[in-house]
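Let me begin by presenting the structure, written as structure tokens, before commenting on it.
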């Protein structure tokens, strides 16, 4: 953890100067024409399950092919491990302990309603959409800086279901959950409503009957709506990109491969007989109930990723054939990952293992003809700073992120700390007393859990060398105690710093 | 317009319509409140207690609307009953129908809630029949039809059932009024959540 520059570092920096100059020249040439930005987010898209990042299953055949002309980030971390903190960090460029949207369906503090990715591009036509109700809360908070915020319900299947979120716009999430509990019997077989639920389901079934065969596991849904089709959302995106003024800045946050894993029939059972056997991992302390069907869950999740892969390819082909891509920075990423191991399924977990926090980041740079692999550690909070610097030559004054390679210096990345935060039981405007935190530094990933009833007084620490042990199988907290202590001290110092305004 | 009002007032009194509404609201509220209480813990665990209250509040609001819808349907249905029937007889007959249908509605959902499956021999029998769905419908009809016809027959044959039903309404009314107060509280919660 020596922060002094070594001779080798100096030589590396010196060698990178001409490259930096070339990049800055290329940057200034590209600046002459206003450039578009398009951020595509697939929800709960774990880097762990993506073949490009080394997963054994070929879950992303199309994306892998497209990456031959992209910058691929191999060690990219979300800000949190579920929608609200993850999305808020991506949109604001700060960590959850700063934007404070760390509770389910939480909101960022007022400052970030005007300090966010949209506010950094006032000259662009800013357009946004999400299927995800919790992400939509954040977009609504930032609506003052968005020229076109597409209504979430607009791309849902049932117009009937869209009445409730439209009517209860300020409480959309809970109103939709209650509506689903009142009217949907298909999941559980029972609902609050005795008669209208049957009537509503029958009407809906008539509408959706033709789609049932296309989605044998069920229509893609968030669980609180009647469903949506990724194809429809992609088509709408394409239609709007054709119509809106340029330059544009688009943020499109699609729900797949978020559970339930209702993939298209073309991918159902695609991996059923592939012989893949996930690594056996011990059941974690935070596994509230042990899921026995985890390999099955994982397979269905992987098959759902295939659907995202195909739809992303379709979008890419449109962007390429229409010529939009040559003036567009296209970013593919996620808000958080997904976990189907250690007795845990999904991402509603206090655990912070790699599959739930490491996410994909791919940047398709205008004019790029070759692939560049970046192995430096990056964070979701870097995206605002990086895109703003590249496209507008401005950096957000409030941002906590860095310019990432190849646009920023790799050395800077190596010496920095990456944090991931989950604090969904903590009061929003109070010091963090119940949280799961991660500090990634050099090759180490340090987990620190505190305030939970099942965790001992001082908290639980885990230390993994994620470079040598990417599966996080060997906890080094005892064998490398001095490193663990040092990282714990560093993390606690950081926590006390971020808690200061809330004491 | 005046003719329509006369047509309705000859068949119903305000009190009888109110009784019908209460009896439409009763089973729907019992079921909703049962399930809301069941859901409170997981919603509170996933988000917080205020959201759990919110889910319940919306649930009650939707149930109130459903009660109104069911009441309207049955009130309209009552208009085609024999005109010589008194308002009390008409209402108690409609209440009987509401209760039977609600009981079956609840049973059909309880089967899933309690995870009750058909006996294995019946499943095998249905599977062997080649048309299991038709068989299932026939079994359902065989259970439901007598449960409707027998009480209706009894109701038409004797006036005792009418009296029993009206007594039942009198006894349950205070309870259902409590449910309606809960609906009002639910509405307040919904308003607070949307306008605060």
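Taking the conditions exactly as written (surrounded by fewer than 23 Cβ atoms within 10 Å (Cβ to Cβ) and closer than 30 Å to residue B:45 by Cβ), does residue A:287 satisfy them or not? Judged against the criteria, residue A:287 is a match.
Selection of segment A:304-360 for residues being in contact with a helix residue (DSSP H, G or I) (Cβ under 8 Å, 6 or more places away or on another chain) and free of Cβ contacts under 8 Å to residues at least 40 places away in the same chain yields an empty set.
Conditions tested, residue by residue: (1) in contact with a strand residue (DSSP E or B) (Cβ under 6 Å, 6 or more places away or on another chain); (2) free of Cβ contacts under 8 Å to residues at least 60 places away in the same chain; (3) away from every other protein chain (no Cβ under 11 Å); (4) within 24 Å of residue B:170 (Cβ to Cβ).
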{"position": "B:49", "(1), (2), (3), (4)": "no, yes, yes, no"}
{"position": "B:61", "(1), (2), (3), (4)": "no, no, no, no"}
{"position": "B:72", "(1), (2), (3), (4)": "no, yes, yes, yes"}
{"position": "B:91", "(1), (2), (3), (4)": "no, no, yes, yes"}
{"position": "B:96", "(1), (2), (3), (4)": "no, no, yes, yes"}
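Would you confirm whether any residue within segment A:296-313 is more than 27 Å from residue A:66 (Cα to Cα) and either in the same structural domain as residue A:95 (by TED's automatic domain parsing) or surrounded by fewer than 23 Cβ atoms within 10 Å (Cβ to Cβ) (or both)? Yes. Here is the figure for segment B:28-44: residues that are over 27 Å from residue B:95 (Cα atoms) and more than 9 Å from chain A (Cβ to nearest Cβ) total 5.
Identification of strands (runs of 3 or more DSSP E) wholly contained in segment A:347-427 with 3 or more residues that are farther than 24 Å from residue A:109 by Cβ yields A:361-364, A:372-379.
Is it fair to say residue B:38 is touching a residue at least 12 places away in the same chain (Cβ under 8 Å), surrounded by fewer than 20 Cβ atoms within 10 Å (Cβ to Cβ) and in a helix (DSSP H, G or I)? No: the conditions fail for residue B:38. If the requirement is being under 18 Å from residue A:189 (Cβ atoms), away from chain A (no Cβ under 14 Å) and surrounded by fewer than 11 Cβ atoms within 10 Å (Cβ to Cβ), which of these qualifies: B:133, B:141? Matching residue, one of B:133, B:141: B:133. When A:314, A:310, A:298 are screened for being in a helix (DSSP H, G or I) and touching a strand residue (DSSP E or B) at 6+ places or on another chain (Cβ under 7 Å), only A:298 passes. Looking at segment A:215-242, which of its residues are surrounded by 13 or more Cβ atoms within 10 Å (Cβ to Cβ), assigned to a loop (DSSP other than H, G, I, E, B) and modelled with pLDDT of 80 or more? Within segment A:215-242, A:215, A:217, A:218, A:219, A:220, A:221, A:222, A:227, A:228, A:229 meet the criteria.
The values are calculated or read from the model by the stated rules, or taken from the named source; none is laboratory data. The structure presented is a predicted model; accordingly, all values stated were derived computationally and were not measured. Every residue, glycine as well, gets a Cβ built from its backbone with ideal geometry; the counts of neighbours run over all protein chains shown.
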